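Structure, as structure tokens:
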Amino acid sequence: MDSGTENSGKVFDAMPGELPNQEMRRSRSSKAMDSGADISGEVFDGKSCKVSRLEFDVGVSLWAGLQPDILGVVLRLLPCLADRASVRSVCRHWRASARNHDLPPALPLLVLPEFKFSSLSAKRDLMPARRVLVPKEVAADDIRCVGSFDGWLVGMTPSKNRVDEYERSADGECVLVNAFSHKVIRLPQVCNMHYNFSAFSRKTLRIVNGFGEVDYTSNDLYTMSFCNVVLSASPDSGSKYIVAASSDRMGSSKLALWQPVMVSWHICTAIDIDGPKDIAFYQGKMYVLLRFKLRLFAFNLEEDDRGFMISRVERCLTALPDDHPFEEGGAISCNMVVWREELLLIVRHYNGSSYRAMRQVLKVEVFAVDISTSPCGLAEIHNFNGDCIFVGSGGCKSFPAGLHDGVEGDLIYFVPDDWKPYDTFVYSMRDGRMRPFAVKLSACYLDGPEEYLDFPVWLFPSE
């Protein structure tokens, strides 16, 4: 079933075309990154854009005789995806041989504004940002990246209605793009101003252990601008994955849900869940966390003839343990991540500066959430057993850093996900130290409205 447009919900083998002659750029972010990024297009799958000179001159690469086992050893010593791609691009024989090796996952990539990609190095730094070949659906000047899952990115285009002031500030189309296979999945429009009376439905759910109710509507009117988007599973898994998005636009906060069988976004609104959110799917439920208020809600999801429905909403956490109080006059910022089948709560504590943008991080705490109790229990943890956690606007993810020799574990990488405060640092769980992280946005990037800003998103390639 489509989602209201001819190509909605359909997967396309959108092969990459050549980069346009002029540098792709957005007017609001042309000066965004202080990274001196290389704008030349390249690929990360090891398929060289040109035939290697050795193959051209000799016909068969002089390197083709290298033993596959030796090549496997070399690849295992290269945790960065860009380095592995360089090895694969030497010749077709290396490229074919590389597919036969079971390698640990490559270190994450950071997707920067204008869809530039930067690889994380084993030394905890970012390699120079480069533009990669992408499908035309995400090659537009004004597209934003708001989420990821494995090798998939979530892109947003602005509304095509530039005349109506109310719609002009909304998003238009939402697309899922695989950064490596270049497949594209089109989702329903994010701005819907046409009623479908025959399909409209509305349901009201009381918030258990909370206040008020949640309104859950389908096929309704809506205009949204997505801040972050989270997927329950990879789109490669079939039609059972769920897309959840947080929209905060013109003082109106919404939680939007979609599944491939749905013709439009299903919308949740409630005063109790109003504000910036973090979202995580865990043990069959969707957890929604208010980032600056420490309120955690569990949404029970059940399948129905329209895809799924929300059957219950419970407020399951409202405070930290008594022995972990907030700093007097300070503030917090909270995130969630699923790590080794546990749900973790990450809390950043800030000083009490009256200017939010000037607040500084005082400490970071991490808690394992016990969802078997009501309210949920919290137990502080001090390591990730060698793993690392990556926090960003597209959600939080864990990575098995211990599989790579020389890659330090038990770290949390924070990149900007909100301007107030603006955080970019690496936190060590082992000693509690914080150090700067080389992701900077120019001051001129602050000129536009916050809902239009393009924050970096972590991407975890699957090989």
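If I filter region 291-312 for residues that are open to solvent by less than 10 Å² (accessible area, probe 1.4 Å), farther than 17 Å from Val347 by Cα, assigned to a strand (DSSP E or B) and touching a Gly at 6+ places or on another chain (Cβ under 9 Å), do I get at least one hit? For region 291-312, residues open to solvent by less than 10 Å² (accessible area, probe 1.4 Å), farther than 17 Å from Val347 by Cα, assigned to a strand (DSSP E or B) and touching a Gly at 6+ places or on another chain (Cβ under 9 Å): absent.
Quick test for you: out of Ala122, Ala106, Ala96, pick the one residue that is of a type in the set (A, V, I, L, M) and without any contact (Cβ under 8 Å) to a residue 40 or more places away in the chain. On inspection, the qualifying residue turns out to be Ala96.
So is Ser333 within 24 Å of the chain's Cα centre (by Cα) and hydroxyl-bearing (Ser, Thr, Tyr) or not? Spelling it out, Ser333 is indeed within 24 Å of the chain's Cα centre (by Cα) and hydroxyl-bearing (Ser, Thr, Tyr). For region 315-326, filtering for residues that are surrounded by fewer than 18 Cβ atoms within 10 Å (Cβ to Cβ) and either closer than 17 Å to Leu205 by Cβ or touching a Lys or Arg at 6+ places or on another chain (Cβ under 8 Å) (or both) leaves 1.
Within region 100-151, restricting attention to residues that are closer than 17 Å to Asp454 by Cβ and among the hydroxyl-bearing types (Ser, Thr, Tyr), the residue that is nearest to the chain's Cα centre (by Cα) is Ser148. A single entry from Arg291, Arg249, Arg295 fulfils the requirement of being farther than 24 Å from Cys191 by Cα and either of a type in the set (Gly, Ala, Ser) or more than 19 Å from the chain's Cα centre (by Cα) (or both): Arg295. Of all the residues in region 198-227, those that are of a type outside the set (S, T, N, Q) and over 20 Å from Ser246 (Cα atoms) number 6.
Scanning region 153-170 for residues that are modelled with pLDDT of 80 or more and open to solvent by less than 10 Å² (accessible area, probe 1.4 Å) gives Leu153, Val154, Gly155, Met156. Scanning region 67-116 for residues that are open to solvent by less than 60 Å² (accessible area, probe 1.4 Å), aliphatic (A, V, I, L, M) and part of a loop (DSSP other than H, G, I, E, B) gives Leu78, Val90, Leu103, Ala106, Leu107.
The values are calculated or read from the model by the stated rules, or taken from the named source; none is laboratory data. Being a predicted model, the structure only gives us computed values, none of them experimental. Neighbour counts run over all protein chains shown; Cβ positions are idealised from the backbone, glycine included. The protein model used for the area step is the full one, side chains on, heavy atoms only, and it has no ligands, DNA or RNA in it. Shrake-Rupley method; radii C 1.70, N 1.55, O 1.52, S 1.80 Å.
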